[in-house]
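Reviewing the structure listed below.
The values are calculated or read from the model by the stated rules, or taken from the named source; none is laboratory data. These figures come from a predicted structure and were not determined experimentally. A quick note on method: Cβ atoms are made from the backbone with ideal geometry, for glycine too, and the neighbour counts reach across all protein chains shown.
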Amino acid sequence: MDGGPCLRVSQCHVQQFRRCLQTRAALDIQLIDIADKVNLGLIPSSEDGWPVSCRLLKRTTGGLLHIHNVTSALPNTAINDASGKKSDREAWQVWADDTAKHITFLLKDITGAQWTTSIHHIEHVKSYAPHVHHVVLDLACRPS
């Protein structure tokens, strides 16, 4: 080892936008085109971190966005069982679909290239109240 700085980044965790800026300044690197996976662990919504996470993804191969969110389903929407679980799951899917579309547009705006997104998994983490849930979306993002 030559004692010089060594930085390997394949995963990034976006916790606070300010913190990313502080990290960038401290390391004196560009946080663009460096990550295979980005963990957006902000709740109740990580939406403010989406542009940062899109810049972090590798331009040639893309990567996975691990997106946390708190969703809520209206209790009167398409309930087919007494507990309302179906409407909750439908709300998670609607949020995931909207998020995938939004991320696709963000990636195109940021990179100037076409991208495709695909929903790999939606995970229920916990419930805060009836019809209010912490969920995580694993979204694969690939340049077209």
Open item on the list: Out of everything in region 33-44 that is of a type outside the set (D, E, K, R) and crowded, with 16+ Cβ neighbours inside 10 Å, what residue ends up being modelled with the lowest pLDDT?
Closed with: LEU42
TODO: Could you please find all residues in region 104-144 being among the small types (Gly, Ala, Ser), modelled with pLDDT under 95 and not in a strand (DSSP E or B)?
DONE: SER144
Open item on the list: Of everything in region 38-72, what is within 25 Å of HIS133 (Cα to Cα), part of a strand (DSSP E or B) and in contact with a helix residue (DSSP H, G or I) (Cβ under 8 Å, 6 or more places away or on another chain)? Give them in sequence order.
Closed with: VAL38, LEU40, LEU65, ILE67, ASN69, THR71, SER72
TODO: Name every residue in region 90-117 that is of a type outside the set (Val, Ile, Thr), touching a residue at least 24 places away in the same chain (Cβ under 8 Å) and touching a strand residue (DSSP E or B) at 6+ places or on another chain (Cβ under 8 Å), in order of residue number.
DONE: ALA91, TRP92, GLN93, TRP95, ALA96, ALA100, LEU107, ALA113, GLN114, TRP115
Open item on the list: Cβ contacts < 7 Å: first residue within 16 Å of THR99 (Cα to Cα) and modelled with pLDDT of 85 or more, restricted to region 62-87; second residue among the basic types (Lys, Arg) and surrounded by 16 or more Cβ atoms within 10 Å (Cβ to Cβ), any location; separation 6+ or different chain. Result?
Closed with: GLY63/LYS37; LEU64/LYS37; HIS66/LYS37
